[in-house]
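Asks: Dumping the structure here so I can ask a few things about it.
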Amino acid sequence: MRTLSLLALTVAVAGCASTAPAGTSAPTTSNAPTPTVNTTRVVTGTGATLQMNTMNIDLDVKLFVTGTPDEAWAVLPGVYAELLIPVSVNDPRTKTIGNTGWKTRRVIGRVPAQRYLECGSSGTMENAETYSLNLSIVTSVIPNPNGGSVISTAISGTAKNPITSSSAEVRCSSKSELELRIRDMVQKAIYAR
């Protein structure tokens with residue numbers, strides 16, 4: 001489901017882009033995924049060891065809004081404040097805002113974290129619900145050559161069981177819901193101005 005959602009988003013954003021007129025340069029935006037291979041070893045009841053390789057892919061999800069880059073940038077701090085995400089990155093020159101080391105647990109902006117993140121599960125509970133989260137959530141505003149702006153949000157992170165003394169972390173990947181919410185909040189704030 002996540003793969004289909006990301007594919008649909010990528011196709012939708014690609015449909016909004018076009019070639020820049022001669023003599024001008026279009027902004028470089030890359031949807032190139034960043035693959036991460038995770039290896040898990042499982043010991044069976046007979047003592048045999050099995051190895052499983054899985055791959056997580058982080059994407060910068062790029063979504064169109066109708067406001068200019070300056071209008072979108074002006075409302076982004078309010079969006080992050082409303083989501084209760086403390087800002088540690090704020091670069092007006094590159095129009096980039098976010099947090100690259102945010103530690104939280106259970107919620108993101110009053111919404112259960114498992115709605116936005118896939119961190120695996122331990123028994124019947126999703127790890128995003130019970131584990132301590134260390135997240136990077138960063139949004140940039142990119143001009144769209146055809147007008148409007150592209151809101152690019154990258155989310156990645158890890159989760160760790162706060163009860164055990166284990167230092168083992170599990171990798172979290174985005175379900176693409178928070179990126180959509182950020183874009184929708186930016187668009188709504190632009191309309192409200």
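Asks: Output the number of residues of the stretch 58-81 satisfying the condition of being under 24 Å from Arg171 (Cα atoms) and either free of Cβ contacts under 8 Å to residues at least 40 places away in the same chain or of a type in the set (Ser, Thr, Tyr) (or both). Don't jump to the end; show me each part of the working.
Replies: Of all residues in the stretch 58-81, those under 24 Å from Arg171 (Cα atoms) come to 58-62, 80.
From the residues that got through so far, the ones that are either free of Cβ contacts under 8 Å to residues at least 40 places away in the same chain or of a type in the set (Ser, Thr, Tyr) (or both) too are 80.
Adding up the residues that qualify gives 1.
Asks: While we're looking at this one, here's another question. Being hydroxyl-bearing (Ser, Thr, Tyr) and more than 16 Å from the chain's Cα centre (by Cα) is the filter here; which residues of the stretch 159-182 pass it?
Replies: Thr164, Ser165, Ser166, Ser167, listed by residue number.
Asks: As an exercise: evaluate Ser176 against (1) surrounded by fewer than 18 Cβ atoms within 10 Å (Cβ to Cβ); (2) modelled with pLDDT under 95 and give the number of the one condition it does not meet.
Replies: That leaves (1) as the condition not met.
Asks: Still on this structure: Take Leu133 and decide whether it is under 26 Å from Val65 (Cβ atoms), modelled with pLDDT of 95 or more and either among the hydrophobic types (A, V, I, L, M, F, W, C) or in contact with a Lys or Arg (Cβ under 8 Å, 6 or more places away or on another chain) (or both). I'd like the intermediate steps shown before the answer.
Replies: Numbers: under 26 Å from Val65 (Cβ atoms): no; modelled with pLDDT of 95 or more: yes; either among the hydrophobic types (A, V, I, L, M, F, W, C) or in contact with a Lys or Arg (Cβ under 8 Å, 6 or more places away or on another chain) (or both): yes.
In short, no.
Asks: OK, next. I need the full set of residues from the stretch 77-119 which are assigned to a helix (DSSP H, G or I), crowded, with 18+ Cβ neighbours inside 10 Å and in contact with a Gly (Cβ under 9 Å, 6 or more places away or on another chain), in order please. Give the steps one after another, and end with the answer.
Replies: Of all residues in the stretch 77-119, those assigned to a helix (DSSP H, G or I) come to 77-82, 113-115.
Still in the running and crowded, with 18+ Cβ neighbours inside 10 Å: 79-80, 113-114.
Correct list: Tyr80 only.
Asks: Here's something else I'd like to know. Cβ-Cβ below 9 Å, separation at least six or inter-chain, first residue in the stretch 82-108 and over 15 Å from Thr153 (Cβ atoms), second in a loop (DSSP other than H, G, I, E, B) and hydrophobic (A, V, I, L, M, F, W, C): which pairs?
Replies: Thr104/Leu84; Thr104/Ile85; Val107/Leu84
Asks: If you check Ser121, Ser149, which single one turns out to be within 19 Å of the chain's Cα centre (by Cα) and hydroxyl-bearing (Ser, Thr, Tyr)? Let's see the steps before the verdict.
Replies: Numbers: Ser121 fails: within 19 Å of the chain's Cα centre (by Cα).
Result: Ser149 is the single residue among Ser121, Ser149 that is within 19 Å of the chain's Cα centre (by Cα) and hydroxyl-bearing (Ser, Thr, Tyr).
Asks: To continue, here is another question. Might you let me know whether the stretch 130-146 holds any residue that is assigned to a helix (DSSP H, G or I) and surrounded by 19 or more Cβ atoms within 10 Å (Cβ to Cβ)? It would help to see each step written out before you state the result.
Replies: From the stretch 130-146, those assigned to a helix (DSSP H, G or I) are 130; that's our starting set.
The next check asks that each one be surrounded by 19 or more Cβ atoms within 10 Å (Cβ to Cβ); those that pass are 130.
Scanning the stretch 130-146, I find at least one residue that is assigned to a helix (DSSP H, G or I) and surrounded by 19 or more Cβ atoms within 10 Å (Cβ to Cβ), so the answer is yes.
Asks: Still on this structure: Does Gly109 count as modelled with pLDDT under 95, touching a helix residue (DSSP H, G or I) at 6+ places or on another chain (Cβ under 8 Å), more than 17 Å from Lys160 (Cβ to Cβ) and not β-branched (Val, Ile, Thr)? Working first, answer last.
Replies: Working: modelled with pLDDT under 95: yes; touching a helix residue (DSSP H, G or I) at 6+ places or on another chain (Cβ under 8 Å): yes; more than 17 Å from Lys160 (Cβ to Cβ): yes; not β-branched (Val, Ile, Thr): yes.
For Gly109, the condition - modelled with pLDDT under 95, touching a helix residue (DSSP H, G or I) at 6+ places or on another chain (Cβ under 8 Å), more than 17 Å from Lys160 (Cβ to Cβ) and not β-branched (Val, Ile, Thr) - is met.
The values are calculated or read from the model by the stated rules, or taken from the named source; none is laboratory data. None of the values given here were measured: they were computed from a predicted structure. With ideal geometry, Cβ positions are generated from the backbone for all residues, glycine too; neighbour counts draw on all protein chains shown.
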